[in-house]
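**Q** First, the structure itself, so that you have it in front of you.
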């Protein structure tokens, strides 16, 4: 049965993440040390000693979560074969590494810079909100009405599942959209972020990250890599870089990414990273499809499941 690997993004961090694997396996510990050197941040102290406030800070979170994702992949890679790979937003960096598009060090460098740029991109006008229990067509209508009513920028930033979306844009437009959700039996939740991520509000930070990407060595993926921006795989490393340079200002087409992998033959989705949020999303996205298996692996103990998959 064809397997796809998926890596979670920001919001999946949790206390103690990656500690058991790092204390068991020196390669994983070296990743933490390398990320601390590159970022200049005490990442193990923050996430292993559980500094709740610091754990949510974007410049801390992005390199730390990338370390956890990559560590799990490197440990798992010799224990299972994978047909495809994908990552949700920040998780896409680990997917680049898993597909051997970028080296481990280049991926960590990219995660450190991405986290720093996003942390510094504070904009009081930018806001994000999760929209739940509505269809895509309903959310699209809510967004269109909010744009017309406010005259401000607003878009669907994340297509997480058929009934879970994130909108991103000007605060006035987001507030209008949220107010319109309840009357149509939906739910809106303002997210605690400093800017409107995955929208044009990230253009300046995205342009700086894109310039850095130009300096990296991009190779053709060894495993089909499905991208957030298109929902489809891209086999050419140069074109892949161009698409990734749009990621910070583009929507995350996660529902489309999972549906396309299913259409291409993937039936078992293995999430490598904390919390298991993507595994639950996969189950919701493919709820009406046959033969789907979704597995979340976040710890050394759970990695033992990989041996059972190969039996």
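**Q** Scan the range 103-136 for residues that are out of contact with any strand residue (DSSP E or B) (no Cβ under 6 Å at 6 or more places or on another chain) and within 11 Å of residue 165 (Cα to Cα) and jot them down. Please lay out each step first, then the result.
**A** Here is the first cut: in the range 103-136, the ones out of contact with any strand residue (DSSP E or B) (no Cβ under 6 Å at 6 or more places or on another chain) are 103-124, 126-127, 134-136.
The answer is 134, 135, 136.
**Q** Which of the residues spanning the range 293-311 are in contact (Cβ under 8 Å) with a residue 24 or more places away in the chain and out of contact with any helix residue (DSSP H, G or I) (no Cβ under 7 Å at 6 or more places or on another chain)? Reasoning before the result, please.
**A** Taking the range 293-311 first, the residues in contact (Cβ under 8 Å) with a residue 24 or more places away in the chain are 293-301, 303, 306-307, 309-310.
Matches in the range 293-311: 293, 298, 301, 307, 309, 310.
**Q** Checking the structure you have, find out if any residue of the range 53-60 is out of contact with any strand residue (DSSP E or B) (no Cβ under 8 Å at 6 or more places or on another chain), in a loop (DSSP other than H, G, I, E, B) and surrounded by 18 or more Cβ atoms within 10 Å (Cβ to Cβ).
**A** At the first step, the residues of the range 53-60 found to be out of contact with any strand residue (DSSP E or B) (no Cβ under 8 Å at 6 or more places or on another chain) are 53-60.
With in a loop (DSSP other than H, G, I, E, B) added as a condition, the list becomes 56-57.
Among the residues that remain, those that are also surrounded by 18 or more Cβ atoms within 10 Å (Cβ to Cβ) are: none.
No, there is no match, as no residue in the range 53-60 is out of contact with any strand residue (DSSP E or B) (no Cβ under 8 Å at 6 or more places or on another chain), in a loop (DSSP other than H, G, I, E, B) and surrounded by 18 or more Cβ atoms within 10 Å (Cβ to Cβ).
**Q** Is it true that residue 31 is in contact with a helix residue (DSSP H, G or I) (Cβ under 9 Å, 6 or more places away or on another chain) and either assigned to a loop (DSSP other than H, G, I, E, B) or under 17 Å from residue 303 (Cβ atoms) (or both)?
**A** Values: in contact with a helix residue (DSSP H, G or I) (Cβ under 9 Å, 6 or more places away or on another chain): yes; either assigned to a loop (DSSP other than H, G, I, E, B) or under 17 Å from residue 303 (Cβ atoms) (or both): yes.
Criteria met by residue 31.
**Q** Let me ask something additional. Which condition breaks for residue 176 when tested against (1) more than 30 Å from residue 2 (Cα to Cα); (2) touching a residue at least 40 places away in the same chain (Cβ under 8 Å); (3) buried (at least 19 other Cβ atoms within 10 Å of the Cβ); (4) over 16 Å from the mean Cα position of the chain (by Cα)?
**A** Checking residue 176 against (1) more than 30 Å from residue 2 (Cα to Cα); (2) touching a residue at least 40 places away in the same chain (Cβ under 8 Å); (3) buried (at least 19 other Cβ atoms within 10 Å of the Cβ); (4) over 16 Å from the mean Cα position of the chain (by Cα), the one that fails is (2).
**Q** Quick one: which helices (runs of 4 or more DSSP H) sit completely within the range 192-279 and have at least 3 residues that are touching a residue at least 60 places away in the same chain (Cβ under 8 Å), assigned by TED's automatic domain parsing to the domain that holds residue 16 and crowded, with 23+ Cβ neighbours inside 10 Å? Before the answer, list the steps.
**A** Numbers: elements: 203-213, 237-244, 254-263.
Where helices (runs of 4 or more DSSP H) fall fully within the range 192-279 and carry at least 3 residues being touching a residue at least 60 places away in the same chain (Cβ under 8 Å), assigned by TED's automatic domain parsing to the domain that holds residue 16 and crowded, with 23+ Cβ neighbours inside 10 Å, they are 254-263.
**Q** So residue 305 passes all but one of these: (1) closer than 18 Å to residue 2 by Cα; (2) at pLDDT below 95; (3) surrounded by 17 or more Cβ atoms within 10 Å (Cβ to Cβ). Which condition number does it fail?
**A** The one condition residue 305 does not meet is (3).
**Q** For residue 121, work out the one condition from (1) farther than 30 Å from residue 288 by Cα; (2) at pLDDT 95 or above it doesn't fulfil.
**A** Among (1) farther than 30 Å from residue 288 by Cα; (2) at pLDDT 95 or above, the lone unmet condition for residue 121 is (2).
The values are calculated or read from the model by the stated rules, or taken from the named source; none is laboratory data. Everything numeric in this text was worked out from a predicted model, so none of it was measured. Cβ: placed from backbone, ideal geometry, glycine included. Neighbour counts: every protein chain shown.
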